[in-house]
Amino acid sequence: MSTRSVSVLGLGPMGQSMVKAFLAADIEVTVWNRSTAKVDAMVALGAKRAETVAEALDANEVSVLSLTHYDAMYDVLGQAVDHLPGKVIANLSSDSPEKARAGAKWVRERGAEFFSGGVMSAGDNIAHPASYIFYSGPEAVFQAHAELLRPLSPQEYLGADDGLAQVFYQALLVIFHPWLLAFDQATAVIAKSGHDIAEFVPFAVRASEAFPYFMEQFSVANQNGGWADLASLKMMDAGAQHIIDASEEVGVDAGFSHLAQSFWRKAVAASEAAGKPVSTYELMRGANS
């Protein structure tokens, strides 16, 4: 069996990008998807068709899963559990760390090897210079197939814990999702104030250049319980109110800023109750952590 061949199960936007990357690297790809139209599109590019999950698993030693979540893995692989022994499953689907660990156990109990991945990419553009993939699971299994998967994106192997790739992946999405909402609110304020979003964007990009500095500073603080100063927490509360006022004055939904303000206010209240500064980081970690 050729080591330059792989199966891809799941042909959403990310799965299709993976197939294209493999084909561009002259790797033979067998594809399966519930929707035959997506299979047809990949076959037109040079992929091989698998009519069933069993056929996809049988075609190659390694199968890459690009599914909506881990529950879908059970639905898909459950159709062909007798074909799992001796295979390698690389699940690059998104889900919680515990669900990744449970999925790894399920696959191994059925005779296959397993490692997981979290795809950090600019949308489905895995060729973007900023894209890379977190991997975790048994190092020997990952390293045995790392070269095959290299065309997908640069690789960051984190460790043997099957859930670790999802810990890092989801933690980065914790940052990304609020940023999306904040950018929508910011540009809505610009537009509703009668100004051009395109004129604003260069300033937003310029401001973002300070983000690495803040991340480095706050990472040090959070390793020591978090940044907290009562006067500064009150200033952040007041600053959040100014953002809310600027947004609501022009009819923009400021719900996201109200949520942010609620954290500053919780920290102020906790600090006053404790008689010492209490950081938002400490509040999020929980009192007993």
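Numerical summary
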quantity: Qualifying positions in segment 190-234 - without any contact (Cβ under 8 Å) to a residue 40 or more places away in the chain, open to solvent by less than 60 Å² (accessible area, probe 1.4 Å) and over 15 Å from Ala260 (Cα atoms); calculated: Ile190, Ala191, Phe200, Val201, Ala204, Ala207, Ser208, Ala210, Ser219
quantity: Some residue of segment 131-151 being surrounded by 15 or more Cβ atoms within 10 Å (Cβ to Cβ), touching a residue at least 12 places away in the same chain (Cβ under 8 Å), part of a helix (DSSP H, G or I) and within 16 Å of the chain's Cα centre (by Cα); calculated: no
quantity: Residue check for Asp237: in contact (Cβ under 8 Å) with a residue 12 or more places away in the chain, touching a helix residue (DSSP H, G or I) at 6+ places or on another chain (Cβ under 7 Å) and either farther than 17 Å from Phe183 by Cα or β-branched (Val, Ile, Thr) (or both); calculated: yes
quantity: Filtered residues of segment 152-172 (kept if over 23 Å from Glu98 (Cβ atoms) and open to solvent by 10 Å² or more (accessible area, probe 1.4 Å)); calculated: Pro154, Gln155
quantity: Residue ID - most open to solvent (accessible area, probe 1.4 Å), chosen from residues in segment 237-289 that are among the hydroxyl-bearing types (Ser, Thr, Tyr) and in a helix (DSSP H, G or I); calculated: Tyr281
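The values are calculated or read from the model by the stated rules, or taken from the named source; none is laboratory data. Fair warning: this is a prediction, and the values are worked out from it, not measured in the lab. Backbone-built Cβ (ideal geometry, glycine too); neighbour counts: all protein chains shown. Each accessible area value is taken on the protein alone, full model and side chains, heavy atoms only, with ligands, DNA and RNA left out. Shrake-Rupley method; radii C 1.70, N 1.55, O 1.52, S 1.80 Å.
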